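Below you'll find the structure, written out as structure tokens, and then a few comments.
The values are calculated or read from the model by the stated rules, or taken from the named source; none is laboratory data. Small disclaimer: the values here were computed from a predicted structure and weren't measured. Neighbour counts run over all protein chains shown; Cβ positions are idealised from the backbone, glycine included. Just so you know, the surface numbers come from the protein's heavy atoms only, side chains and all, with ligands and any DNA or RNA stripped out. Shrake-Rupley method; radii C 1.70, N 1.55, O 1.52, S 1.80 Å.
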Amino acid sequence: MWFLCVFFHRLLDYRKPEVESLALLFGDQTQADQNQDNALEWRLPKHHHPDSPFHFVNLPSQDLARNIANRSILVKGIYEIWGEGSSYEELEESIKSYPEDRKLPYLTSGSTFKITVDSFGKVISLQEQNGRLKNLAYIPFKGRVNLKNPDHRFWLMETDDSGANNGLPPVAQRRIFFGREVGGADRKLLPTYQLKSRMYIGPTAMDAEVAFLMANQALAAPGKLVYDPFVGTGSILVAAAHFGAMTMGADIDIRVVRDGRGPDCNVWSNFKQYGLPMPIALLRADNNLPPWRPGLKEVVFNAIICDPPYGVRAGGRKSGGRKLLKGTVSPYTVPDDKRTDHIPSTGAYSLVECVHDLLDLAARMLVMGGRLVFFYPVLREDDDFVENHFPDHPCFRLVASSEQILSSRYSRVLLTMVKMGPYTDEVAETARMRHLDFKENHLKWLENGNLHSSVFSPADPLPTDSKFSKDPKKKYRGKYV
Amino acid sequence: MRLLTHNMLSSNIKGVTNGFPLGIEVVKVVEKQVELNADFLKNMFHKIDWKGLVDGSRAMGYFELPGEPPETSALESEEFLSKFHHALLELHLEEGALVCPETGNICHFASTLRGFPS
């Protein structure tokens, strides 16, 4: 059954993957064969550009459409279209030819209804709206109007035919849709969870909207366990917990997981603030040396969601300390008397290594069909950038990649991977080889710090003033300077 | 730290082949009320190392769990679920230490500081 899916005009790349993930989540689980390509069927309205907020989507049932719309972040609504056309005459004809048995149940005299006039790319004044509503008189509405809480909601939506169309390529011809709302979005979620009202946030806390998108991509749902190996202030887990999943997080920085900013301002208080169940556990753990027990394989996590530190706003760290990792000092043992409060030292942790460890962890710990959702940075100068440049792993299949442009220099891509195969030693070995190969090809910018400098270095070297260049004193940026 | 977490951790010092289960040295245990989620418990039941859980819960002074792993049918009994739930999620090791089973060391990563395995 075809529905019209109208999106909010944001994060264009994220829209279809979200709907597809939710279709899988709410769909018939027995039917959802993981090996099958579970992509939905999409169709664009006449004359529309792929970036248009209007898309037709083929969904098996109305209940599924409602569930998707209610949970989705980027879907404004899903509609059963009664008629469409390039002009109001065409629309009238189209509505009249729509089968009566599909219309009549929603036009009965006992029911209440509401019609909303909406537009994309222009504003319609109230008078114009009223005029348009009067034009709809050919539809035999028998019910009463109820604007606050109607039984059935109808929408009249039109697009503009002018050249400028919210940054989209111009729509050749305007299109008018009339349909019945099957499900609408709940964007109230976002102001509730917005970062500025959250107690404890850090410099890299995940924006609420994106965090919910990630949770949706990971199919977070009650009874599932979601893990974030770079938990930070817990901003991603909050979204997963909102959808009922049990959460667990780890971070190498003891300050965020243990202390926060005091008793009422830490990761736990973030969950308390929204009345969400507390995470099962927060660990201080190293993604490079995971502390999981050996027998714990393919059993634990239903999803792993994270935003790995890629060195632009925060760099990665791993256990060991600078000197230890270089090999200048040999591994030490902590004397017994200092052991109780010892915090191990950490050293730099490059992104390639980090992603490799993440994939390895996910391959080991996710249940079959479990999802790994993470952000991966991409430099936008790479014109030859193609999909196979993403890190991969023999256990995983990439199901979605959505780009979010952050600046003219770089963007980040949300990768969603599904675990397809079991984790074995051979698989781990293949993965390691692939990782080395991947590292070779990407070393130039992935290595630690390089991404940072390509993002922040000035575009053109500024003409150096002789006065300043004379100053031989080096400027250090460090902890005590 | 909850026993669910304990059940998933092992000693990761170099040279240790089987760092599970970590021994628990209790200084202080607190109980925190958590809402019971039966679906989650059923989901977790198959993933738990039963011996590790029982030993852990006994170390923390909770003796209600049977020593042998119960049949899956036990999950239908509410009494068992609530005991399992209590052991898994409500017992918190607030202060104490985790001991590596092989070296007998308090592994430097595994001492718990104010309830956080580190």
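Do we find a residue being open to solvent by 20 Å² or more (accessible area, probe 1.4 Å), modelled with pLDDT of 90 or more and either in a strand (DSSP E or B) or out of contact with any strand residue (DSSP E or B) (no Cβ under 6 Å at 6 or more places or on another chain) (or both) anywhere in region A:159-168?
Scanning region A:159-168, I find no residue that is open to solvent by 20 Å² or more (accessible area, probe 1.4 Å), modelled with pLDDT of 90 or more and either in a strand (DSSP E or B) or out of contact with any strand residue (DSSP E or B) (no Cβ under 6 Å at 6 or more places or on another chain) (or both), so the answer is no.
Just to check your reading of the model, which residue among B:LYS32, B:LYS83 is of a type in the set (Lys, Arg), open to solvent by 80 Å² or more (accessible area, probe 1.4 Å) and in contact (Cβ under 8 Å) with a residue 12 or more places away in the chain? Before you say what the answer is, go through the steps one by one.
Working: B:LYS83 fails: open to solvent by 80 Å² or more (accessible area, probe 1.4 Å).
Result of the check over B:LYS32, B:LYS83: B:LYS32.
On the given criteria, is A:GLY121 outside the structural domain of A:LEU213 (by the TED database) and on the phi > 0 side of the Ramachandran plot? Break it down into steps so the answer makes sense when it comes.
Numbers: outside the structural domain of A:LEU213 (by the TED database): yes; on the phi > 0 side of the Ramachandran plot: yes.
When the stated conditions are applied, A:GLY121 passes them.
Kindly indicate whether any position in region B:86-100 is open to solvent by 60 Å² or more (accessible area, probe 1.4 Å) and without any contact (Cβ under 8 Å) to a residue 12 or more places away in the chain. Can you show your working first?
Our first condition is that a residue be open to solvent by 60 Å² or more (accessible area, probe 1.4 Å); within region B:86-100, this holds for B:95.
Filter once more, so that each one left must be without any contact (Cβ under 8 Å) to a residue 12 or more places away in the chain: none.
No; the residues of region B:86-100 include none that is open to solvent by 60 Å² or more (accessible area, probe 1.4 Å) and without any contact (Cβ under 8 Å) to a residue 12 or more places away in the chain.
State all residues of region A:205-226 that are open to solvent by 10 Å² or more (accessible area, probe 1.4 Å) and more than 20 Å from A:LEU361 (Cβ to Cβ); if no residue qualifies, say none.
A:ALA205, A:ASP207, A:GLU209, A:ALA221, A:PRO222
Six or more apart or on different chains, Cβ atoms under 6 Å: show the pairs whose first residue is in region A:52-74 and more than 15 Å from A:ARG187 (Cβ to Cβ) and whose second is part of a strand (DSSP E or B) and small (Gly, Ala, Ser).
Listed pairs, sorted by first residue: A:ALA65/A:GLY183; A:ARG66/A:GLY183.
Results for (1) open to solvent by 30 Å² or more (accessible area, probe 1.4 Å); (2) in contact (Cβ under 8 Å) with a residue 12 or more places away in the chain; (3) closer than 25 Å to A:ALA285 by Cα, shown as yes or no for each residue.
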site: A:GLN173; (1), (2), (3): yes, yes, no
site: A:PHE178; (1), (2), (3): no, yes, no
site: A:ALA185; (1), (2), (3): yes, yes, no
site: A:PRO229; (1), (2), (3): no, yes, yes
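For A:ARG198, are the conditions met, namely being open to solvent by 10 Å² or more (accessible area, probe 1.4 Å), touching a His at 6+ places or on another chain (Cβ under 7 Å) and at pLDDT 80 or above? Spell out the reasoning first.
Values: open to solvent by 10 Å² or more (accessible area, probe 1.4 Å): yes; touching a His at 6+ places or on another chain (Cβ under 7 Å): no; at pLDDT 80 or above: yes.
No; evaluated as a whole, the condition is false for this residue.
With the requirement that a residue be of a type in the set (Gly, Ala, Ser), surrounded by fewer than 16 Cβ atoms within 10 Å (Cβ to Cβ) and over 19 Å from A:VAL399 (Cβ atoms), what does region A:34-85 give you? Let's see the steps before the verdict.
Our first condition is that a residue be of a type in the set (Gly, Ala, Ser); within region A:34-85, this holds for A:39, A:52, A:61, A:65, A:69, A:72, A:77, A:83, A:85.
Cutting the leftovers down to surrounded by fewer than 16 Cβ atoms within 10 Å (Cβ to Cβ) gives us A:39, A:61.
Residue satisfying the conditions is A:SER61 alone.
Sort out for me the strands (runs of 3 or more DSSP E) sitting completely within region A:1-104 that have 3 or more residues that are at pLDDT 90 or above. Working first, answer last.
On the way: elements: A:2-7, A:41-43, A:54-58, A:75-85.
Per the criteria, A:2-7, A:54-58, A:75-85.
Got a number for residues in region A:132-155 being open to solvent by 80 Å² or more (accessible area, probe 1.4 Å), touching a Lys or Arg at 6+ places or on another chain (Cβ under 7 Å) and more than 7 Å from A:PHE113 (Cα to Cα)?
Here the count works out to 1.
Residues that are under 12 Å from the mean Cα position of the chain (by Cα), within 21 Å of A:LEU225 (Cβ to Cβ) and at pLDDT 80 or above, at least 1 per element: which strands (runs of 3 or more DSSP E) completely within region B:1-116 meet that? Steps first, answer last, please.
Numbers: elements: B:23-31, B:91-99, B:106-113.
Counting at least 1 such residues, we get B:91-99.
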